[in-house]
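Down below is the structure, laid out as structure tokens.
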Amino acid sequence: MPPRPNRASIPLKTARRSLAPLRRRTQAERTAETRLRILKAAANLVRRRGYARFRTAEVAAEAGVSRGAQLHHFPTKDSLVVATLEYVFEQAQILSRRRAAAVNRPRDLIEAVIADAREFFFSEHFMVAIDIVLSTSTDQAVRRRILDISRKARRPVEAAWAEALVAGGVPPAVAADIIALTLSVVRGMALRTLWDNDPKWFDHLFGLWRQMIRIFIEAEQKRGRLR
């Protein structure tokens, strides 16, 4: 008969772990986890293949869930794609707002705004959203939903960057204009990649834009229009 272990020799963490029962996940938690796995898998496939070659039948395998579970949450391709873009845009919004909160110097800020906007507007997911909106085969309700998702995701980002610029001494109205123009420039160049993709030229243009904003802010400060 093997000797009984001495209680004093058993690590405290091990003893606690053996005594504490594992908490079972609730149905709501299991449902949320399955839904998230599906959305992440769909996002990966959309990014790799684009909207035209995106096949919902491949999502379940990518996510490691049953086809039935996928169809339970997202019965159609449109519902899955819309939910996927909403998830991706929400994650991008969270990251953008964190970046904006971490920067407060006007010169650094414009560069940070451009970098953040490039990450979003030059992404495959944004291009997929454009593809869906422009697709003649897409239902009008789906287009409106995608546009609504984009507006809700990007407006808080614009506000966060404008607040950061205001914290650097730029009046709110001027800050809002600078951010709106900067994002419009990046968004426009992102769309230009559909027919003319020249990253080095884009780098040059964005550098020129940063310089223009810097000169504008310095000139306004000399005139006393900016604090």
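The values are calculated or read from the model by the stated rules, or taken from the named source; none is laboratory data. Keep in mind it's a predicted model, so treat the numbers as computed, not measured. Glycine also receives a Cβ, built like all others from the backbone with ideal geometry; neighbour counts cover every protein chain displayed.
Okay, here's what the table says:
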quantity: The range 172-227, subset under 19 Å from W161 (Cα atoms) and among the polar types (S, T, N, Q), residue surrounded by the most Cβ atoms within 10 Å (Cβ to Cβ); calculated: T182
quantity: Any chance A112 is closer than 26 Å to W209 by Cβ, in a helix (DSSP H, G or I) and not charged (D, E, K, R); calculated: yes
quantity: Single residue of the range 134-146 satisfying the filter (hydrophobic (A, V, I, L, M, F, W, C) and surrounded by fewer than 16 Cβ atoms within 10 Å (Cβ to Cβ)) that is modelled with the lowest pLDDT; calculated: L134
quantity: Any hit, the range 203-223, residues being over 14 Å from E111 (Cα atoms) and either outside any helix (DSSP H, G or I) or outside the structural domain of D116 (by TED's automatic domain parsing) (or both); calculated: yes
quantity: Residue count for the range 123-133, restricted to those that are surrounded by fewer than 18 Cβ atoms within 10 Å (Cβ to Cβ) and at pLDDT 85 or above; calculated: 1
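Here is a yes/no grid of residues against (1) within 30 Å of G224 (Cα to Cα); (2) in contact with a Pro (Cβ under 6 Å, 6 or more places away or on another chain); (3) of a type in the set (A, V, I, L, M, F, W, C):
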{"position": "R155", "(1), (2), (3)": "yes, no, no"}
{"position": "A160", "(1), (2), (3)": "yes, no, yes"}
{"position": "P172", "(1), (2), (3)": "yes, no, no"}
{"position": "R192", "(1), (2), (3)": "no, no, no"}
